[in-house]
Amino acid sequence: MHHRIVTSPASHVVIRMHQLPEQSFSFHFELAEVKFERDEADLLIKFANHGKAVLDGFFPPEPEGELPLIVLASGQVVPGEFLCMACPALNAQRHENYEYTFNDGDALVGITLGGRPAGRQNAF
């Protein structure tokens, strides 16, 4: 599996990453510090310093396609559908059977798929 690290670019700099088959992304930033947007199949991550990361082809062309896995700054591994739950503005296909469990501090503590731990994502 290919793994790409996404960090905050320098001020006003745009970085592009192309989606590869079976690729995951590691977000080395806090989700609350960025704004996510969608541009067709691409995920745009906008940072406070006006830098931007563009993940080309993040959203699959067919509705039944899977989004890549994401490793959060905390080390938690979540399915890409997590972003769709956290950011409805992405207007992406969501797997309706995913359930996310948060603790009192709004930290993600578990993901289940149809009542069972969500396979590869059950790494925390």
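Values in this text are rule-based calculations from the coordinates and carry no lab data. Remember, it's a predicted structure, so these values are computed and weren't measured experimentally. With ideal geometry, Cβ positions are generated from the backbone for all residues, glycine too; neighbour counts draw on all protein chains shown.
I need the Kirkwood Rh of the range 25-94: take the reciprocal of the average 1/r across all distinct C-alpha pairs and report it in angstrom.
Averaging 1/r across every pair of different Cα atoms and inverting gives 12.4 Å.
How do Lys35, Lys52 rank when sorted from fewest to most other Cβ atoms within 10 Å of their own Cβ?
Fewest-to-most Cβ neighbours within 10 Å comes out as Lys35, Lys52.
Can you compute the modelled spin-label distance between Ala41 and His18, with each label point 7 Å from Cα toward Cβ, in nm?
Spacing of the two 7 Å Cα→Cβ label points: 1.2 nm.
Could you check what % of the DSSP bridge pairs in the range 16-86 are antiparallel, to the nearest 5?
Roughly 70 percent of the DSSP beta bridges within the range 16-86 come out antiparallel.
Find the percent of Cα-Cα distances in the range 1-53 that exceed 14 Å, and round it to a whole number.
Result: 54 percent of Cα pairs exceed 14 Å.
What is the list of residues in the range 40-84 whose amide nitrogen lies under 14 Å from a point 7 angstrom out from the Cα of His2, following Cα to Cβ?
55-59, 68-69
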